[in-house]
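The values are calculated or read from the model by the stated rules, or taken from the named source; none is laboratory data. Treat the numbers as computed from the prediction; the structure is a model and nothing was measured. Virtual Cβ from ideal backbone geometry, glycine too; neighbours counted across all protein chains shown.
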Amino acid sequence: MTSDPIVTRFAPSPTGYLHIGGARTALFNWLYARGRGGKFLLRIEDTDRARSTPEATAAILQGLTWLGLDWDGEPVSQFEGMARHAEVARAMLEAGSAYRCYSTPEEIAAWRESHPRQPFQSPWRDKGPEDWPDAPYAIRLRAPREGETIIDDQVQGEVRFGNDQLDDMVLLRSDGTPVYMLAVVVDDHDMGVTHVIRGDDHLTNAARQVQVFDAMGWKRPVFAHIPLIHGEDGKKLSKRHGAVGLHEFAALGYPAEAMRNYLARLGWSHGDDELFDDAKALEWFDLSGIGRAPARLDFKKLEHVSGWHIGQMPGDRLLGELDAFLTETGQPALTQRQKSWLTPALDALKEKAKTLPALLDQGRFALVERPVELDPKAVAALDTVSRGMLKSLTAALQHASWTRDDLEQAAKQVAEENGVGLGKVAAPVRAALAGRTSTPSVFDMMMALGRDETLARLNDQADQAG
RNA sequence: GGCCCGUUCGUCUAUCGGUUAGGACACCAGGUUUUCAACCUGGGAAGAGGGGUUCGACUCCCCUACGGGCUGCCA
């Protein structure tokens, strides 16, 4: 038997930026669909008009784009489907799977008051047309009162709800507007969604939604309710945990592919595999690998994953990432000259950098122009003796062929002549070349800067020898 | 309150009845080294508690504790 093509969706409410939990949910849906040749759809749940904003929608789309998650077709606006949702509610009314409920909010509140710990039971459930008053009414689902509603969840397993715990949910409000729970079901059905992968805060909702699917005679999608991400303290993720918005992670300089890797591993695993690229993630991702306990955000681990990905990147890709990062954070783009100095040093730089800004910081020698500004430690490294050694090195370098071996040879020679270790020679070179004491290897810098720039920078300091 | 979900090293996790409970991050100690790193080697570190079931439980069942979710004519 040929199975239907997979269709997943990500359905955020446009009430703010895309946060890290939502990003992971989107990633799971994307991985599942894309790994199986299926479709990944987007639906904006904008039925809450008061809280939904176009800016938030834009921010979410931008976040997904940055993360590298592409979706099929245009994003669907749930709000625009209102008429369709109402139509379904009316159809259910016609079919008898829903009924008119004339209870007012006050009556419902009073009922609850006198029936503690019991779901509301409308007195209108079994009334006929002859009893209908001339008043506004809500349409409620005629849900089964006995038996169980069972969700066969791919993550949570078989979850059973006693139908006596589930009330007849409102489908259409008395003002004629559909309710979110109905909209979700109708949209998922109309969009052909086969797999609903979402936060487990919707697990209980699923029971109600399934009743609607059943009432309409629609095929239920496969459900997978994934645990939410928590902060480092184990509490629900919120602003006080620092970065929670995806854009904040982008600004911190984690490459998108590293975020994908880290996020994928948060709550999902494939044996002991920790570091992998998209191809592997797509190949390995499966619902069965998702855990049931909420995972905490761990920035240290993220850093490690990020460092690995940066180290794996070919130079041109890395340069592209750096460009994107600078643009993203509103910093000036790299000039041609900066690129020409930075590029040869990339292989050395990417070995140690864990984030993009960290790499830029280590590569600062390639970004500055003469005269190189010295920080206090660099000044301290350039005492009279050091400047003297710089002078002899500069002289020796004048005729050196610019290969790493020769440079190293020359430096060692100067060290020997002065009866000191290589470190003593390297320190002032480092200071003169980069203006600081923490840099890549001095030889890497010399190779990257080239003969002219290197000698110029060295001379800038050597000339000041006493 | 009721219903539902969860609980393996500090953290992310492996284990799908039989392991000295494995890996990764972090941490500690050594090594390497021209700085900072990076890297290499080694180390400490876990089944929430209590009952069962079983020849044998981290794995299955029950209870408790602790987290979390839902319980709206919110989404």
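Worth pointing out:
- One residue from A:L246, A:L228, A:L266 being aliphatic (A, V, I, L, M), over 30 Å from A:L360 (Cα atoms) and either touching a Cys at 6+ places or on another chain (Cβ under 9 Å) or modelled with pLDDT under 95 (or both): A:L228
- Every condition in (1) within 22 Å of A:V179 (Cβ to Cβ); (2) surrounded by fewer than 22 Cβ atoms within 10 Å (Cβ to Cβ) is met by A:L42 except one, and the failing one is (2).
- Qualifying residue in the range A:68-86 (condition: out of contact with any strand residue (DSSP E or B) (no Cβ under 9 Å at 6 or more places or on another chain), surrounded by 19 or more Cβ atoms within 10 Å (Cβ to Cβ) and within 22 Å of A:L252 (Cα to Cα)): no
- Entry remark, the range A:207-222: residues being more than 9 Å from RNA strand B (Cβ to nearest atom) and within 19 Å of A:L166 (Cα to Cα) number 9 in total.
- Any hit, the range A:224-243, residues being within 15 Å of RNA strand B (Cβ to nearest atom), surrounded by 21 or more Cβ atoms within 10 Å (Cβ to Cβ) and free of Cβ contacts under 8 Å to residues at least 40 places away in the same chain: no
- For the range A:305-336, the tally of residues that are closer than 30 Å to A:R404 by Cα and touching a residue at least 24 places away in the same chain (Cβ under 8 Å) stands at 14.
- Of the criteria (1) charged (D, E, K, R); (2) farther than 20 Å from A:D48 by Cβ; (3) surrounded by 17 or more Cβ atoms within 10 Å (Cβ to Cβ), which one A:D134 fails: (3)
- Restricting the range A:281-320 to residues that are more than 17 Å from A:G267 (Cβ to Cβ) and not in a helix (DSSP H, G or I), the residue that is farthest from RNA strand B (Cβ to nearest atom) is A:P314.
- Scanning the range A:384-399 for residues that are without any contact (Cβ under 8 Å) to a residue 12 or more places away in the chain and part of a loop (DSSP other than H, G, I, E, B) yields one hit, A:H399.
- Number of the exception - A:D375 against (1) under 30 Å from A:T329 (Cα atoms); (2) more than 16 Å from RNA strand B (Cβ to nearest atom); (3) touching a residue at least 60 places away in the same chain (Cβ under 8 Å): (2)
- Considering residues of the range A:130-185 that are under 26 Å from A:F10 (Cβ atoms) and of a type in the set (F, W, Y) only, the residue modelled with the highest pLDDT: A:Y180
- Within the range A:123-148, the only residue that satisfies the criterion of being part of a strand (DSSP E or B) and more than 10 Å from RNA strand B (Cβ to nearest atom) is A:L141.
- Count of the range A:174-201 residues, restricted to those that are surrounded by fewer than 22 Cβ atoms within 10 Å (Cβ to Cβ), under 16 Å from A:Q78 (Cα atoms) and within 8 Å of RNA strand B (Cβ to nearest atom), is 4.
- A:A50 falls short on exactly one of the conditions (1) surrounded by 19 or more Cβ atoms within 10 Å (Cβ to Cβ); (2) farther than 19 Å from A:A264 by Cα, and that condition is (1).
- Failed condition for A:I108, given (1) near RNA strand B (Cβ under 9 Å from one of its atoms); (2) of a type outside the set (K, R); (3) without any contact (Cβ under 8 Å) to a residue 12 or more places away in the chain; (4) not in a strand (DSSP E or B): (3)
- Filtered residue count, the range A:433-450, keeping only those that are among the small types (G, A, S) and over 19 Å from A:E373 (Cβ atoms): 2
- Candidates are the residues of the range A:25-56 that are basic (K, R) and modelled with pLDDT of 95 or more; the one that is farthest from the chain's Cα centre (by Cα) is A:R36.
- Count - residues of the range A:3-36 that are touching a residue at least 12 places away in the same chain (Cβ under 8 Å) and away from RNA strand B (no atom under 16 Å from the Cβ): 12
- Pick from the range A:434-466, criterion within 8 Å of RNA strand B (Cβ to nearest atom) and of a type in the set (A, V, I, L, M, F, W, C), ranking: surrounded by the fewest Cβ atoms within 10 Å (Cβ to Cβ): A:F443
- Residue check for A:L334: closer than 21 Å to A:A250 by Cα, at pLDDT 95 or above and within 16 Å of RNA strand B (Cβ to nearest atom): no
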